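The values are calculated or read from the model by the stated rules, or taken from the named source; none is laboratory data. As the structure is a computational prediction, the values presented were derived from the model and not from experiment. Here the Cβ positions follow ideal geometry from the backbone for every residue, glycine too, while neighbour counts run over all protein chains shown.
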């Protein structure tokens, strides 16, 4: 168990990340940081998620001066091409059609900083996910539900219909949800 007198902040309003962090049985508060999640041409997926989580941390440190801060960023990669969150319903349909019947990689970068001790850990996790062949009706129905719009790769593996698209995963399930819990837990133990 993680015991600390430092306040813990999750710099994210993602309901999925909040739910995952609650599984660690720690007390934390959330706040939002806004950064341009721009993908740089030629940048590797690992560098992208680590950079974005660090950029979120830099911004978060301007708002909070004490405690431990956690930031994260998740992307999907198919055929070496980074796929972020869909910009609209048409984009979501196109993304899901591209993922149908194929294996893609989910990368989550995270950053944990103890502001008092001046310790920062920046790491990542990757998980491969294989989709079954999807039909047009289920893609359209899923997109109309609104669920894919705020998710990297236009789907959620947890708590919604997106779960039935997945044939198999290889790696950390929680990473696909949005926060690699085992690595985050170990990093928190290092910074408290």
Review point. Just for region 22-47: of the residues that are part of a helix (DSSP H, G or I) and either modelled with pLDDT under 90 or in contact with a strand residue (DSSP E or B) (Cβ under 6 Å, 6 or more places away or on another chain) (or both), which one is surrounded by the fewest Cβ atoms within 10 Å (Cβ to Cβ)?
Key: 46
Review point. How many residues are closer than 23 Å to residue 47 by Cα and either free of Cβ contacts under 8 Å to residues at least 12 places away in the same chain or surrounded by fewer than 16 Cβ atoms within 10 Å (Cβ to Cβ) (or both) when one looks only at region 63-101?
Key: 4
